[in-house]
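The values are calculated or read from the model by the stated rules, or taken from the named source; none is laboratory data. If you're wondering where the values come from, they're calculated on a predicted model, not measured in any experiment. Reconstructed Cβ throughout: ideal geometry from the backbone, glycine too, with neighbour counts over all protein chains shown.
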Protein chains: 2
Amino acid sequence: MKLFTAGPVACYPEVLEVMKQQMYSHRSAEYKRLHRETVESLQKFLETEANVYLFSSTGTGFMEGSVRNCINKKILCCINGSFGKRFKEVAVLNGKIVETIEPPLREPITPDILDDKLSKSPDIEAVSITHNETSTGLINPLKKLAEVVKKHGKLLIVDAVSSMGGTEIKVDKWGLDICFSSTQKCFGVPPGLGIGSVTEEALKKSETVQNKGWYFNFKIWEKYHKKDSTPMTSTIPQIAGLNQILKTIDELGGKDKYFEIHRKRNRTIKTGIQKLGLSTFPKKGYESPTISCINTPNNTDGITIYEKMREKGFELAKGYGSLKNTTFRIGNMGYIEPQDIAGMLEALNEVQQEYGW
Amino acid sequence: MKLFTAGPVACYPEVLEVMKQQMYSHRSAEYKRLHRETVESLQKFLETEANVYLFSSTGTGFMEGSVRNCINKKILCCINGSFGKRFKEVAVLNGKIVETIEPPLREPITPDILDDKLSKSPDIEAVSITHNETSTGLINPLKKLAEVVKKHGKLLIVDAVSSMGGTEIKVDKWGLDICFSSTQKCFGVPPGLGIGSVTEEALKKSETVQNKGWYFNFKIWEKYHKKDSTPMTSTIPQIAGLNQILKTIDELGGKDKYFEIHRKRNRTIKTGIQKLGLSTFPKKGYESPTISCINTPNNTDGITIYEKMREKGFELAKGYGSLKNTTFRIGNMGYIEPQDIAGMLEALNEVQQEYGW
């Protein structure tokens, strides 16, 4: 099966090779070397001097951690789809008050709307933004939104789950207080590791918040970060996988080259689907560079297209949430060979002819 | 390096082999099959009809989940060492009131002490017990303690991190409401997966508790359990590894045979260290079958013995917490060949001669 999924995505062969290595203690000198090297590589990749934590969880664990550590009362959640909604749900279930900005599903968060909202609600402590909304294939103008959040002096928490590794993020320059992701998206590593940067300002805020718990407690993580370690047992195979892919990216020519690979794949897919008479869901100019959310043609159903493509050996992604039937998605993250994209588009062409849209 | 660690331990070759498999979507039919099969195998292994959850976290995540889901106000934490203390710390940082039973480090929790405590504090909602305290190499008489907890009608939460898989646990028969572990101990699978059973009674209690969060929310997990899935992305490689080891255990002759392998290794190690004039730390009769905590001989230091054994190619475990210098530990979990035990004891003999205790 060739994967064009929303994640877990197909992993690079050299990453799978390190996944099978024999284990060792997470308190050993060997582990500390791996930990330090991986954290430093990720800091360089994200252009940040902030602490980088390697959570024994998925990216959603970082969502829960951000909410528990950095919000006393109120957060503003910017919502463009299911994962923005998840952030809200996580905040509510952790006892926080949530305000939202939720434009129509096809549209991004704009600096003006955000500016307006923050002007009207001065008691908002932090803003959450889904950089790249995986469910709708939409990317938000993060750099410009960050400027607005910083102008208002609020903390900014960025869910970069399906963008980190696939498109540029400059953590320090853009002023992102927390920026987290998972390994099973653009980095092409198996799932089970949440990764993210946490600034001094976020840590200071954390000192004012009660009931932070233990597992995702940033202050406990800070202590172990200094020892090149993690509070609980480290998810060693995935950390070794992440370490490997960061080396692979360097060998491929660095991160700009890696981003270009994603853009190129994405253009090839977009051109291909347009030739089949298909269009993408988000407002023009805000289409994600890592996953395409595609409107189903008249009288067809997204699930059926997904199933028919599976029969032909290609696993795409179903539409998500309220778009389950009216869209399907094609991810271009992880290990994808150029000829696989051609094969996938050819299979989609066959589905079109069989299905007759 | 031959591992006699406290975890992560050396993994079985067939487990490492599945760790390198290519990924697939956690919402695919392939994953649902793996999930269902693994949950059913684990239910059979633990002799339970309770829900079994596969957390994208370590065992400590299950600790945090238990506290957030099953305690409104007060928990009794039974403490025999560092991991009992961690349970208390997790509860306190999650805003719960904690009472404790903490006998001298060498001694177990006894049914009488527990009975007395529960009689005096009727407002205790649940009791946490560390079945096998990894830091001191002590095993508690869980079955008898469970009888006391049930007599008082309290919920029982069992940290079975270093016992599950290595010694018998009958979840339903003994009346354990929550019984959790991690994959990187007796199952000999890499770290990153928390596993545990949660009864209907624990789930009912959970409905009365506010502020449960999202990530470890048992009610959300219950919903996905019914769909053979997990709320967030599943830690697929480790789940496949656990699935594999449960098959391997069957091939080895079933779980009783697997427990006997642990007992036999443990006896060999105990006999070996006694020949070297060494003794184990816990009170006689309560020595762990999965990890030996060994008193350092006169005028020697545990860390030095650990370091000298490393130089000879054997990674033991350092003493933990307050026992850091006065003990060292030898785990017998995971993939260990009989000849490796002989080699390890021979190396320890050499250290004795060089060190001259």
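All conditions but one from (1) more than 10 Å from chain B (Cβ to nearest Cβ); (2) free of Cβ contacts under 8 Å to residues at least 60 places away in the same chain; (3) over 24 Å from A:Trp214 (Cα atoms) apply to A:Leu46; the one that does not is (2). Can you find, within the stretch B:92-130, the residue that is nearest to the chain's Cα centre (by Cα) among those that are away from chain A (no Cβ under 14 Å) and among the hydroxyl-bearing types (Ser, Thr, Tyr)? Taking the candidates together, the pick is B:Thr130. Restricting attention to the stretch B:49-61, the residues that are at the interface with chain A (Cβ under 9 Å from one of its Cβ atoms) and not in a helix (DSSP H, G or I) add up to 4.
The set of residues from the stretch A:300-321 being part of a helix (DSSP H, G or I) and more than 24 Å from A:Gln184 (Cβ to Cβ) comprises A:Thr304, A:Lys308, A:Glu311. Selection over the stretch B:1-25 of residues that are of a type in the set (Phe, Trp, Tyr), under 23 Å from A:Pro13 (Cα atoms) and more than 7 Å from every other protein chain (Cβ to nearest Cβ) gives a count of 1. The number of residues in the stretch B:210-242 that are under 23 Å from B:Ala91 (Cβ atoms), of a type in the set (D, E, K, R) and within 14 Å of chain A (Cβ to nearest Cβ) comes to 2. Screening A:Gly313 against (1) more than 14 Å from chain B (Cβ to nearest Cβ); (2) surrounded by fewer than 14 Cβ atoms within 10 Å (Cβ to Cβ) leaves a single unmet condition, (1). Per the conditions (1) buried (at least 23 other Cβ atoms within 10 Å of the Cβ); (2) out of contact with any Cys (no Cβ under 6 Å at 6 or more places or on another chain), the sole criterion not satisfied by A:Gly165 is (2).
Of the residues in the stretch B:49-67, at least one is among the polar types (S, T, N, Q), touching a Pro at 6+ places or on another chain (Cβ under 7 Å) and at pLDDT 95 or above. Contact map, the stretch A:17-39: residues that are assigned to a helix (DSSP H, G or I) paired with residues that are aromatic (Phe, Trp, Tyr), Cβ distance under 8 Å, separation 6+ or inter-chain. Pairs shown: A:Glu30/A:Tyr24; A:Tyr31/A:Tyr24. Determine if the stretch B:322-331 includes at least one residue that is assigned to a helix (DSSP H, G or I) and farther than 24 Å from A:His26 by Cα. No, there is no match, as no residue in the stretch B:322-331 is assigned to a helix (DSSP H, G or I) and farther than 24 Å from A:His26 by Cα. When each of A:Leu278, A:Leu246 is tested for being over 30 Å from B:Met63 (Cβ atoms), out of contact with any strand residue (DSSP E or B) (no Cβ under 9 Å at 6 or more places or on another chain), of a type in the set (A, V, I, L, M, F, W, C) and more than 14 Å from chain B (Cβ to nearest Cβ), the lone residue that passes is A:Leu246. Taking the stated definitions as given, is B:Ser28 within 7 Å of another protein chain (Cβ to nearest Cβ) and either among the basic types (Lys, Arg) or under 23 Å from B:Ile220 (Cβ atoms) (or both)? In short, yes. In this entry, B:Leu252 is excluded by the filter for residues that are out of contact with any His (no Cβ under 8 Å at 6 or more places or on another chain) and surrounded by 15 or more Cβ atoms within 10 Å (Cβ to Cβ).
Checked against the criteria, A:Gly277 does not count as crowded, with 19+ Cβ neighbours inside 10 Å, under 17 Å from A:Gly356 (Cα atoms) and of a type in the set (Gly, Ala, Ser).
Taking A:Glu125, is it over 18 Å from A:Lys44 (Cα atoms), among the acidic types (Asp, Glu) and out of contact with any Asp or Glu (no Cβ under 7 Å at 6 or more places or on another chain)? Yes, satisfied.
Could you check the stretch B:192-204 and list, in sequence order, the residues that are buried (at least 22 other Cβ atoms within 10 Å of the Cβ) and more than 14 Å from chain A (Cβ to nearest Cβ)?
Residues satisfying the conditions are B:Gly196, B:Ser197, B:Val198, B:Ala202.
Is one or more of the residues making up the stretch B:127-142 part of a helix (DSSP H, G or I) and at pLDDT 95 or above? Yes, the stretch B:127-142 has at least one match. Against the conditions (1) closer than 22 Å to A:Leu145 by Cβ; (2) under 14 Å from the mean Cα position of the chain (by Cα), A:Trp174 satisfies every one except (2).
You will find that of B:Glu260, B:Glu207, the residue that is away from chain A (no Cβ under 14 Å) and either surrounded by fewer than 20 Cβ atoms within 10 Å (Cβ to Cβ) or over 28 Å from A:Asn217 (Cα atoms) (or both) is B:Glu260 and no other. Among the residues of the stretch B:12-64, those identified as under 16 Å from the mean Cα position of the chain (by Cα), farther than 21 Å from B:Asp228 by Cβ and not small (Gly, Ala, Ser) are B:Thr58, B:Thr60, B:Met63, B:Glu64. With the requirement that a residue be more than 24 Å from A:Gln22 (Cβ to Cβ), over 21 Å from the mean Cα position of the chain (by Cα) and not β-branched (Val, Ile, Thr), what does the stretch B:231-258 give you? B:Pro231, B:Met232, B:Gly253, listed by residue number. Exactly one residue out of B:Glu64, B:Glu89 is crowded, with 20+ Cβ neighbours inside 10 Å, among the acidic types (Asp, Glu) and within 14 Å of chain A (Cβ to nearest Cβ), and it is B:Glu64.
Residues in the stretch B:84-99 that are touching a helix residue (DSSP H, G or I) at 6+ places or on another chain (Cβ under 7 Å) and either among the polar types (S, T, N, Q) or touching a residue at least 60 places away in the same chain (Cβ under 8 Å) (or both): B:Phe87, B:Asn94.
I'm told A:Lys74 meets every condition in (1) under 22 Å from A:Gly165 (Cα atoms); (2) more than 8 Å from chain B (Cβ to nearest Cβ) except one. Can you identify the failing condition by its number? Condition (1) is where A:Lys74 drops out. Checked against the criterion of being surrounded by 17 or more Cβ atoms within 10 Å (Cβ to Cβ), over 30 Å from A:Gly192 (Cα atoms) and among the hydrophobic types (A, V, I, L, M, F, W, C), the candidates B:Ile139, B:Ile129, B:Ile71, B:Ile97 yield just one match: B:Ile139.
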